[in-house]
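One structure is given below, encoded as structure tokens.
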Amino acid sequence: MYVFVYGTLQHGHGLNQILLAGDAKYIGGGYVDDVRLYSWGMCPAAYRGQGSRAWGEVYEVNAALLKRLDAIEVSYERERMLVVITEGLVNLSPVTAWIYMGIINPVGGHWITDGVFRSWDDTNSSF
């Protein structure tokens, strides 16, 4: 099964170690449509938002690792979405993947207008 990550589980962020330790297989980078990312600095959340796009990475994971991710992502609800893969180790066909969607009201967060989470850069955010 696949999981789409858009925040601190991506390469270059601290929680990516969890995927690597759980033998997740990196499939590729890509995006989901009609999803807006909001950031509170070090941690983003995804919400439905027409006309917007969120960029991230797709990993193939086993059931045990997905259960571990569920235990970590307690402020999110997991749902399936179509992910368009734009680069990676497989053909570039869309895949259905789990994505963790925010369940806390995004008020107070900054909308990441380009859909790319950077914990170190708030310049692409908007109120």
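The values are calculated or read from the model by the stated rules, or taken from the named source; none is laboratory data. These figures come from a predicted structure and were not determined experimentally. Here the Cβ positions follow ideal geometry from the backbone for every residue, glycine too, while neighbour counts run over all protein chains shown. Quick note on the areas: whole protein, heavy atoms, side chains included, nothing else; ligands and nucleic acids left out. Shrake-Rupley method; radii C 1.70, N 1.55, O 1.52, S 1.80 Å.
Can you tell me which residue is modelled with the highest pLDDT among those in the range 82-121 that are open to solvent by 80 Å² or more (accessible area, probe 1.4 Å) and in a loop (DSSP other than H, G, I, E, B)?
Going through the range 82-121, the residues open to solvent by 80 Å² or more (accessible area, probe 1.4 Å) turn out to be 82, 87, 89, 91-92, 103-105, 107, 120.
When the remaining residues are screened for being in a loop (DSSP other than H, G, I, E, B), the result is 89, 91-92, 103-105, 107, 120.
Details: L89: 65, N91: 66, L92: 74, I103: 93, I104: 87, N105: 86, V107: 86, W120: 56.
Of everything passing the filter in the range 82-121, I103 is modelled with the highest pLDDT.
Which of (1) among the small types (G, A, S); (2) free of Cβ contacts under 8 Å to residues at least 40 places away in the same chain; (3) in contact with a Pro (Cβ under 8 Å, 6 or more places away or on another chain) is the odd one out, the single condition G7 does not satisfy?
The failed condition is (2).
Tell me, yes or no, whether the range 17-32 has at least one residue that is open to solvent by 20 Å² or more (accessible area, probe 1.4 Å), more than 20 Å from L92 (Cα to Cα) and in a strand (DSSP E or B).
There is no residue in the range 17-32 that is open to solvent by 20 Å² or more (accessible area, probe 1.4 Å), more than 20 Å from L92 (Cα to Cα) and in a strand (DSSP E or B).
Applying the selection to the range 61-81, what residues are crowded, with 17+ Cβ neighbours inside 10 Å and not in a helix (DSSP H, G or I)?
The answer is V61, E73, Y76, M81.
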